[in-house]
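Visitor: There's a structure below that I have some questions on.
The values are calculated or read from the model by the stated rules, or taken from the named source; none is laboratory data. All values reported here derive from a predicted model rather than from experimental measurement. Neighbour counts run over all protein chains shown; Cβ positions are idealised from the backbone, glycine included. Just the protein is used for accessible areas: all its heavy atoms, side chains included, with ligands, DNA and RNA removed. Shrake-Rupley method; radii C 1.70, N 1.55, O 1.52, S 1.80 Å.
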Amino acid sequence: MAWLCSGNTNEELVNKMREAGLIESDVVAGAMRLVDRANYVRSTRYAYEDAPQSIGHGATISAPHMHAHACQYLLPWIHSDAHILDVGSGSGYTAAVFHYLIKTASASKGESATSAPSSVSPGKVVGIDHIPALVDWSVDNLKRDGLGSALEKGEITMIAGDGRKGWQEGAPYDVIHVGAAAPEVPQPLIDMLKAPGR
């Protein structure tokens, strides 16, 4: 079913995933609508296909339905002052979506799907990737998508580093999203996770 959710625009892509039941929450759909996937892929021609795409350096951006699934799963732990660590942040796409989920939680306290994102929120998203060139590109992508101010304010931080070790400066985290492969769950990430957290 997911492969039938491709669209010609970001709005159409999100709407198709919503109609197919891949996105259950209006809050998640709203956040994904605010982040134009075309700003986070190498080939904009395929930006709205529900399929993974190469972003260079042996890395990929996951299929949009995978991002939707992760956001749905993590949504109960995302609130206005949430700290989120995005390991294997790649193009910066999920960091942007998480940013808007925090902002929406700040505006609505998670109860109204129609609330606009807040302009003030103490929440923070940290993206970490071990490929410095991808980190630099992700910062450019976030700026291109209108999130330069969030970077300047420290609401989103993108760093180059070993994601298996996390980033202690932002800990503890309410949510740790791992978008990269690992043979086992790294203990440092578990140690940085709040209880309860996910």
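Visitor: Could you look through segment 161-198, keep only residues that are under 25 Å from ILE55 (Cβ atoms), aliphatic (A, V, I, L, M) and surrounded by 15 or more Cβ atoms within 10 Å (Cβ to Cβ), and pick out the one that is farthest from the chain's Cα centre (by Cα)?
Guide: LEU189
Visitor: Exactly one of (1) touching a helix residue (DSSP H, G or I) at 6+ places or on another chain (Cβ under 6 Å); (2) free of Cβ contacts under 8 Å to residues at least 12 places away in the same chain is unmet by ASP145. Its number?
Guide: With (1) touching a helix residue (DSSP H, G or I) at 6+ places or on another chain (Cβ under 6 Å); (2) free of Cβ contacts under 8 Å to residues at least 12 places away in the same chain applied to ASP145, the lone miss is (2).
Visitor: Sticking with this structure for a sec: Contact list please: Cβ distance under 6 Å, first residue in segment 26-52 and touching a residue at least 24 places away in the same chain (Cβ under 8 Å) and assigned to a helix (DSSP H, G or I), second residue polar (S, T, N, Q) and surrounded by fewer than 20 Cβ atoms within 10 Å (Cβ to Cβ), pairs at least six apart or on different chains.
Guide: What qualifies is VAL28/GLN72; ARG37/ASN10; ALA38/THR44.
Yes or no, residue by residue, for (1) of a type in the set (A, V, I, L, M); (2) assigned to a helix (DSSP H, G or I); (3) at pLDDT below 90; (4) touching a helix residue (DSSP H, G or I) at 6+ places or on another chain (Cβ under 6 Å):
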| site | (1), (2), (3), (4) |
| --- | --- |
| HIS69 | no, yes, no, no |
| TYR73 | no, yes, no, no |
| VAL97 | yes, yes, no, yes |
| THR104 | no, yes, yes, yes |
| SER115 | no, no, yes, yes |
| SER118 | no, no, yes, yes |
| PRO122 | no, no, yes, no |
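Visitor: Also, I was wondering about something else. Based on what the data block shows, is GLY166 in contact with a helix residue (DSSP H, G or I) (Cβ under 7 Å, 6 or more places away or on another chain) and at positive phi?
Guide: yes
Visitor: Continuing with this model, one more query. If you check SER138 against the conditions, is it at pLDDT below 95, surrounded by 15 or more Cβ atoms within 10 Å (Cβ to Cβ) and not aromatic (Phe, Trp, Tyr)?
Guide: no
Visitor: Considering only residues of segment 1-31 that are under 14 Å from SER62 (Cβ atoms) and touching a Cys at 6+ places or on another chain (Cβ under 7 Å), which is most open to solvent (accessible area, probe 1.4 Å)?
Guide: Of everything passing the filter in segment 1-31, LEU22 is most open to solvent (accessible area, probe 1.4 Å).
Visitor: Within segment 156-176, track down each residue that is touching a strand residue (DSSP E or B) at 6+ places or on another chain (Cβ under 6 Å), within 23 Å of ASN39 (Cβ to Cβ) and not in a helix (DSSP H, G or I).
Guide: Matches in segment 156-176: ILE156, THR157, MET158, ILE159, VAL175.
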